[in-house]
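Any read-out appearing in this document is the output of simple, stated calculations on the displayed coordinates, not a laboratory observation. Model, not experiment: these values are computed from the prediction. No Cβ is skipped: glycine too gets one built from the backbone with ideal geometry, and neighbour counts run over all protein chains shown.
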Amino acid sequence: MSLFKQKISFIKSNPYIISGVVFSLLILCFGLYDAENLALGLQTINASVLSLFSSYYLWVGFGIAIIAIILIFLPFAKQRLGTQRAEYSYFSWIALLYSTGMGSGLLLRAVQEPSYYLFNPPVKAVDNVQLSLQYTFFHWGLTPWCFYSLFGLIIAYNYYIGGAKSFRSALNFSDKDGYFQKIVGLFIVLITIVGVVASLGLGAGQFIGGVSSYFGIAIGKDILWLTIFGVGLVATLSALTGIHKVIKYLADFDIVISILLMLFVFTQLQISQLISNSLPALKNYLVHFAEMSLSIGDFQLSAEFLSNWTVFYWAFWLAWVPFTGIFIARISKGRTIREFLVATIIVPTVATMVWFSVFGTKAFDIIQSKSISENPFNSIFTSLFDFFEYLPFSEVTILLSSILILTAIINSVDSAIFVVSIFSDKGIENPSKIHKVIWGIIITATALGLASVGTDSLLNAVSSLLIIMALPFSLIYILYVILFIKNKVLKKENKC
């Protein structure tokens, strides 16, 4: 009984857990009892945010990307993050950061996004096929990985080089801002819940689409809830084993199966077609990166496109920055800063471009060869499975894709559970099991609440919440970047 009382007392005295519980209950109650007003309220607030801050989001994305890339080439980047050897092989290291940062999203958008741009080009272009890949590269390439990487570097530097005693105290830039660190920590916990819940809800919706396609049956909301509950349970159990075991093995599995699926689609392509689509798209993306980032010149976008795509994506990546960046910092001990930046920016960007080039080119080929006048891959939940229906061995590929979606979601959720447990458990590298169990329950309950809005409304509700919460975090992020450049980078460069 005394042990039980100790556990209850520990929960009551932990502001991180209390804030997570309160936030989860609010979302759960609104989702279950007033779902329509929840979605409507979030959309109303979101509309106001977008009308005032769309340009701001564009500048934040562009600025972070430029700073992160410049850091790669500075002498500052020669420093090593800690004195110990690297914990993970290159393959597992890349697999962990990749599956945590984008795993399930790449499956959701593999053919849906490129094909959407083909039928709805963002700007006027001579070749809509190349333009479609160009904008897909833009939304999934350098900018999001720079978001993750720079924040992860700040945390890793403060912890492994700056002498911070924990990952939580790595949020401090002096001994006098303890209260600020606690407030930021609380906000990071909440925005992490929102980001991973978005992945869990949307990924579960896509998994339901795969099962429905595989068995040819309609599946209701009850199965969606059951899927979310099952994923949350497995992810919690995975987090309990630690990074070295199930989390790492799931990440390795994700990468291997993803590569196999991509290679299968590659065998269905003409290599010349792939090259003629992807290389010009890559060239235009790099040459016009500034114009695309700031929506100026020939790449000035409509307000509707900015709101629905670019600003939504930048807010989505920003919402994922805290837990993804901290997780990347946690697994990058022993790497040099340059090694860290290249592995977290250049490598995943190139891999993502190859992924979308292969799936996008084949999707274009299907649409053009069959003279399809309407986008057959328009649904974010079923597009990948509809795509495989046009290829041989569809039963096998749909089954593998469904399994991959589940493991990708689990990997995102268990990583998030691990990170928020670090915050609630004094910032230590390996938080206790009780923290992981509590956060597993909180995240799963929150996802169930949002899922109550319904599959059709889920994307709008979650995207609204992400954009709203990403705004204050972006201000915190900018402050950290300024202090990091001023107090760490420039001082080190002056010494060199």
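Before moving on, here are some points about what is shown:
- Report note on the peptides 237-243, 304-310: ranked by the mean count of other C-beta atoms within 10 Å, highest first, their order is 237-243, 304-310.
- Net charge dipole size for the stretch 139-285 [Lys, Arg +1 and Asp, Glu -1 on Cβ; Debye, nearest 20]: 240 debye
- Whole-number D in µm² s⁻¹ for the stretch 406-448, Kirkwood Cα-pair radius fed into Stokes-Einstein, 37 °C, 0.692 mPa s: 315 µm²/s
- Cα centroid of the stretch 179-208 to Cα centroid of the stretch 120-136, whole Å: 32 Å
- Descending semi-axes in Å of the chain, equivalent ellipsoid built from Cα gyration tensor: 33, 28, 22
- Ordering SER369, SER24, ALA110 by the projection of their Cα atoms onto the charge dipole of the stretch 24-495, which places +1 on the Cβ of Lys and Arg and -1 on the Cβ of Asp and Glu, puts SER24 at the extreme positive end.
- Three-way shape label, the stretch 266-414, alpha-carbon gyration tensor, a/c 1.5: oblate
- Couplings for the stretch 323-338, taken from phi via the Karplus curve 6.51 cos²θ - 1.76 cosθ + 1.60 with θ = phi - 60°, read 6, 5, x, 5, 5, 4, 4, 5, 9, 10, 4, x, 8, 6, 4, 5 Hz in order; Gly and Pro are left as x.
- Dipole of the chain, positive end: most advanced residue of PHE76, THR324, LEU448 [Cβ charges, Cα centre]: PHE76
- Segment TYR90-VAL396, extension gain: residue separation times 0.36 nm, minus the distance between their alpha carbons: 107.2 nm
- Contact order for the chain, expressed relative to its length and based on alpha carbon pairs under 8 Å spaced 6+ residues apart, stands at 38 percent.
- Within the stretch 274-345: Cβ-based charge dipole about Cα centre, in debye rounded to nearest 20 (Lys, Arg +1; Asp, Glu -1): 520 debye
- Cα-centre dipole for the chain with unit charges at Cβ (Lys and Arg positive, Asp and Glu negative), debye to 20: 2260 debye
- Put simply, the amide H of THR336, placed in the peptide plane, has neighbours under 5 Å in LEU81, leaving out anything fewer than 5 places away on its chain.
- PHE187-THR44 pseudo-label distance in nm [points 7 Å out on the Cα-to-Cβ vector]: 2.5 nm
- Inter-label distance for TYR33 and THR267, nm, one decimal - labels placed 7 Å from Cα along Cα-to-Cβ: 5.6 nm
- If a spin label sat at a point 7 angstrom from the Cα of LYS491 along the line to its beta carbon, the backbone N atoms of the stretch 310-353 nearer than 19 Å would be those of 337.
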